[in-house]
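First up is the structure itself, then whatever we jot down about it.
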Amino acid sequence: MPIFLPDTDATEQFGGELFHSLSPKCVVYLEGDLGAGKTSLVRGYLRAAGYSGTVKSPTYNLVEEYTINNQKIYHFDLYRLNSPEELEWIGISDYFQQDCVSFIEWPDKGSGFLPKPDKVIRLSTQGAGRLAEMTACDGHHKK
């Protein structure tokens, strides 16, 4: 069932609610156009986890790593990939062999090199707000 998020604060709050419901080892695909709120959602998750530093989109780095209370959280942004094979160069499979929460923006650009998701969250603009649709999947990272 779609959830209407009227502003950035609501998007971050939705991300914070995910902190209480996601397994400590899971993969979340984040889908949506540029500016749809994907990084705001991750920022909300990280704030709920206790992180107080800057949260930026990893568009140029491909991945931002956070460690909060011994929990690894990775935020991937694959927008700038030219081909999925580039993920091999950064050792993408190593990230998913540990207990971690991984948020992946633009997962379609990593097709064939990413694990199956546990959840897919699709964000779309609706007026000044956002519409969030979350789907549970049969990923390999369930509790």
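What number of residues within region 3-23 are exposed (fewer than 12 other Cβ atoms within 10 Å of the Cβ) and either in contact with a strand residue (DSSP E or B) (Cβ under 7 Å, 6 or more places away or on another chain) or in a loop (DSSP other than H, G, I, E, B) (or both)?
3
Could you check residue 76 against (1) assigned to a loop (DSSP other than H, G, I, E, B); (2) touching a residue at least 24 places away in the same chain (Cβ under 8 Å) and say which number it fails?
(1)
Kindly list, by first and then second residue, each pair from a residue in region 95-113 that is free of Cβ contacts under 8 Å to residues at least 40 places away in the same chain and over 10 Å from residue 73 (Cα atoms) to a residue that is open to solvent by less than 60 Å² (accessible area, probe 1.4 Å) and in a helix (DSSP H, G or I), limited to pairs with Cβ atoms under 7 Å and residues at least 6 apart or on different chains.
Filtered contacts from region 95-113: 110/87; 113/87; 113/92.
Scan region 118-129 for residues that are open to solvent by 50 Å² or more (accessible area, probe 1.4 Å) and farther than 25 Å from residue 83 by Cα and jot them down.
Answer for region 118-129, where residues must be open to solvent by 50 Å² or more (accessible area, probe 1.4 Å) and farther than 25 Å from residue 83 by Cα: 125, 126, 127, 128.
Give me a count of the residues in region 24-37 that are in contact with a Ser or Thr (Cβ under 8 Å, 6 or more places away or on another chain) and either open to solvent by less than 20 Å² (accessible area, probe 1.4 Å) or without any contact (Cβ under 8 Å) to a residue 24 or more places away in the chain (or both).
Adding up the residues that qualify gives 6.
Can you tell me which residue among 78, 46 is of a type in the set (A, V, I, L, M, F, W, C), buried (at least 21 other Cβ atoms within 10 Å of the Cβ) and over 14 Å from residue 18 (Cβ atoms)?
Going through 78, 46 in turn, just one is of a type in the set (A, V, I, L, M, F, W, C), buried (at least 21 other Cβ atoms within 10 Å of the Cβ) and over 14 Å from residue 18 (Cβ atoms): 78.
Before we move on, is residue 40 hydroxyl-bearing (Ser, Thr, Tyr), buried (at least 19 other Cβ atoms within 10 Å of the Cβ), out of contact with any Cys (no Cβ under 9 Å at 6 or more places or on another chain) and under 19 Å from residue 10 (Cβ atoms)?
Judged against the criteria, residue 40 is a match.
I'd like the full set of residues that are in contact with a Phe, Trp or Tyr (Cβ under 7 Å, 6 or more places away or on another chain), farther than 17 Å from residue 20 by Cα and not in a loop (DSSP other than H, G, I, E, B), limited to region 49-65.
63, 65
Inspect all residues belonging to region 81-95 and state whether any of them is of a type in the set (Phe, Trp, Tyr), assigned to a loop (DSSP other than H, G, I, E, B), under 17 Å from residue 62 (Cα atoms) and open to solvent by 30 Å² or more (accessible area, probe 1.4 Å).
Taking every residue of region 81-95 in turn, none turns out to be of a type in the set (Phe, Trp, Tyr), assigned to a loop (DSSP other than H, G, I, E, B), under 17 Å from residue 62 (Cα atoms) and open to solvent by 30 Å² or more (accessible area, probe 1.4 Å).
Does region 106-117 include one or more residues that are part of a strand (DSSP E or B), surrounded by 13 or more Cβ atoms within 10 Å (Cβ to Cβ) and in contact with a strand residue (DSSP E or B) (Cβ under 8 Å, 6 or more places away or on another chain)?
Within region 106-117 (the criterion being part of a strand (DSSP E or B), surrounded by 13 or more Cβ atoms within 10 Å (Cβ to Cβ) and in contact with a strand residue (DSSP E or B) (Cβ under 8 Å, 6 or more places away or on another chain)), the answer is no, since none of the residues qualifies.
Which number in (1) of a type in the set (S, T, N, Q); (2) open to solvent by 60 Å² or more (accessible area, probe 1.4 Å); (3) within 15 Å of residue 121 (Cβ to Cβ) marks the one condition that residue 54 misses?
Single failed check for residue 54: (3).
The values are calculated or read from the model by the stated rules, or taken from the named source; none is laboratory data. Computed from a predicted structure; not experimentally measured. Here the Cβ is made from the backbone with ideal geometry for all residues, glycine too, and neighbour counts use every protein chain on show. For accessibility, only protein heavy atoms count, side chains too; no ligands or nucleic acids. Shrake-Rupley method; radii C 1.70, N 1.55, O 1.52, S 1.80 Å.
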